[in-house]
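Chemist: Before anything else, here's the structure in question.
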C-alpha cells in the first residue's frame, strides 16, 4: 500500500498537462509530436534510475510504411468513381490494376451449413465477386444463417466473405456498404490520412485479394438497369426463398489501386524493473499503454488525446515509479516488471504487434499483460457514479488472473468492476481493439482496463482539464496491486482456458 499510494492525482496531472498539450501535436505515430512524447517518457524512466533494457536504449524501434490511397479510382464501364466519395478500401494489398471481363453477384457472399450463397456451381476464376453486406433474415426476423433472431459473425466479419470468394479463384471482392455515408463519417479520418502498416522484413501470411466497399450508387451501376438486378428486390427474394442465385453481370470494372509509399521509423518505449529472485526474475509482468494519438486535422486543430490514451500512459509512468521505489528500498518484486508504452495503436495496434512478433523478452516467460487504455473519464452509463472500471479479458485465458484481480480490488480499491464489454457477444469487440490483444493471441493472459467511450472520443475536446485524476489514480493503484501480486506469488499463474487464437 505504501508504494501504491505514490500513484497520485497530482503526479498524474503533472505528466498529462505536458504530454497532452498542444506542444506534442496530437502524438501521431511517425510524426515529430509522437517522437517528442517518446523522448519525454524515456527521460522520465532515466530520471527514475531505471537502466535501459534494449541494447543500451529505452527504445524498441520498428519499421513502418506510410501509404496514401487518395488517387485510387474505380471505373465501371465508362463511369469513373472517386476514392471516399464513392468507394473505399483498407490497407492490406499492393498497388495495381484489376480489369476482369466479368463481375459476379453472389448474394450475401456467405458459405455456411445453414445458408450458402455458393451452393450453385459458378466459375469465379479471374473474376470479381460483388456481395451484399450483412446476412439475410426471413419475414419472422430470424437469421437464415444462425437460425435465431441474433445475427451470425458473417454479418460483421467481411473478411470471411472475402476469403470465401478468394478460395474460388476470385481476384477481387466488392461489398455493397449499407449506410455508406454514415459509416464513412466515422472512419474518414483513417482513410484520408496516410495509413501506416508494419514493414516486415519478410512477408507474413497469405496474400489477400483487394476488397472494396461501395455505396449504393456504384452498386446500381455495377448491377445494371434491369429490374431483376435491383438489390432491394433481390434481398426480398432471398428472404422469401431462403437462397440466392448467382448473376454474371458482364460488366467491365477497372480498379486502380494507387499506393504512395514512404518509410517511417516508430518506437515502443520500455522500462524494466528487474526482479529480485534469481529463480523468478526472468519471468515478466508487462504493463502496457499506448502513447500515440491521432495528430492534427486539416484545420490545424490538435487532438490532444488526454484520455485516449494519455490517461493510460501517465498511469504507466506512475506504476513504473512505484515499482522502482520498492526496488530502491530493498523491497523489489520477485519477478521483473516491464512497463512498456507503445506507439501505433491508433493505426492498428502496430507497436504491440511488432513486440509480440519480435519480443525483447521471452514471451514464454511473460506472465501477463495489464493494458491501460482510456481510464480518465466516464461514459454515459456511469455518468452518476465514477467509481468503476470496465475489465476486459481477465478470465479469457486464466481463471487465476481473474481471481487475483477481484481480490486486489476488494482488498484495496473497492471499484465497481463492470464486465459488460467482456461478454463474447460485445458488439463493440473491445477485446480485439487495444494492445492487450497482441499478447492474448500469443496465449498470454491479459486484463484490459477501460472506462468507456465519451463525447470527446477522437475529438478535439479530449483535453487534460476533463480528466478525473482521483479516479485515474485509484484505477492505477488497482493495476499496481494486481501486478504486485503477480510478481510476488510463488507460482506463475496457470493458463487454464482454451485460447481462441490457438492454431
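What follows draws every value from the coordinates through simple rules; no lab data is involved. Note that the structure is a prediction, hence the values are computed from the model and not measured. Every residue, glycine as well, gets a Cβ built from its backbone with ideal geometry; the counts of neighbours run over all protein chains shown.
Chemist: Would you calculate the convex hull of the Cα atoms in segment 170-262 and tell me its volume per residue in Å³?
Modeler: Taking the convex hull of the Cα positions in segment 170-262, it is 157 Å³ per residue.
Chemist: Let me ask something else. Sorted from largest down, give the three principal axis spans of the alpha carbons of segment 70-258, whole angstrom values.
Modeler: That gives 48, 36, 33 Å along the principal axes, largest extent first.
Chemist: Further question: Quick check: pseudo-label points 7 Å beyond the Cα along Cα→Cβ at residue 441 and residue 190, how many nm apart are they?
Modeler: 1.4
Chemist: Still on this structure, please answer the following. Between residue 150 and residue 73, how many nm apart are label points set 7 Å from Cα along the C-beta direction?
Modeler: With each label placed 7 Å out from Cα toward Cβ, I get 4.7 nm.
Chemist: For the chain, what is the largest minus smallest coordinate of the Cα atoms on each principal axis, given in angstrom and ordered from greatest to least?
Modeler: 79, 45, 45
Chemist: Tell me, in nm to one decimal, what length is gained between residue 496 and residue 61 on full extension, where the rule is 0.36 nm per residue of separation less the Cα-Cα distance?
Modeler: Contour length minus Cα-Cα distance gives 153.2 nm.
Chemist: Separate question: For residue 458 and residue 10, compute 0.36 nm times the residue count separating them, minus their Cα-Cα distance, and round to one decimal in nm.
Modeler: Here the answer is 158.8 nm.
Chemist: Over segment 224-266, what portion of Cα pair distances is larger than 16 Å, expressed as a whole percent?
Modeler: So the portion of pairs separated by more than 16 Å is 61 percent.
Chemist: What does the convex hull of the Cα atoms of segment 306-379 come to per residue, in Å³, rounded to a whole number? Can you show the working numbers first?
Modeler: Values: hull volume 8.4 nm³, N = 74.
Per-residue hull volume (Cα only) is 114 Å³.
Chemist: If you don't mind, another one. Give the dimensionless ratio obtained when the Cα radius of gyration of segment 408-447 is divided by 2.2 N^0.38 Å.
Modeler: 1.39
Chemist: If you don't mind, another one. Considering all alpha-carbon pairs of segment 196-312, what whole percent are spaced by more than 26 angstrom?
Modeler: Across segment 196-312, Cα pairs with separations above 26 Å total 62 percent.
Chemist: Further, regarding this structure: What's the ranking of 339-346, 228-235, 61-68, 171-178 by average number of surrounding C-beta atoms within 10 Å, highest first?
Modeler: Put in order of decreasing packing, that is 339-346, 171-178, 61-68, 228-235.
Chemist: Where does segment 429-503 land on Rg(C-alpha)/(2.2 N^0.38 Å)?
Modeler: 1.42
Chemist: Take segment 65-148, compute every pairwise Cα distance, and split them into 5 Å bins from 0; I just need the percent in each bin.
Modeler: Binned Cα distances yield the sequence 3, 11, 16, 18, 16, 14, 12, 8, 3, 0.
Chemist: Packing-wise, with mean Cβ within 10 Å as the measure, how do 212-222, 455-465 rank, highest first?
Modeler: Result, highest mean first: 212-222, 455-465.
Chemist: Taking the highest mean first, how do the peptides 121-130, 390-399 order by number of other beta carbon atoms within 10 angstrom per residue? Present the calculation step by step, with values, prior to reporting the outcome.
Modeler: On the way: 121-130: 18.4, 390-399: 22.9.
Descending mean neighbour count gives 390-399, 121-130.
Chemist: To continue, here is another question. So, R0 is 56 Å and r is the distance between the beta-carbons of residue 179 and residue 489; what FRET efficiency does that work out to, to 0.05?
Modeler: About 0.65, to the nearest 0.05.
Chemist: Set the Förster distance to 51 Å, then compute FRET efficiency between residue 18 and residue 113 from the Cβ-Cβ distance, nearest 0.05.
Modeler: 0.35
Chemist: Further question: Would you mind calculating the gained length between residue 383 and residue 240 on full extension (0.36 nm times residue separation, minus the Cα-Cα distance), in nm to one decimal?
Modeler: Gain in length upon complete extension: 47.0 nm.
Chemist: I need the Debye-formula profile for segment 1-124: one equal scatterer per C-alpha, no solvent, reported as log10 I(q)/I(0) at q = 0.12, 0.20, 0.21, 0.23 1/Å, two decimals.
Modeler: -0.79, -1.31, -1.35, -1.37
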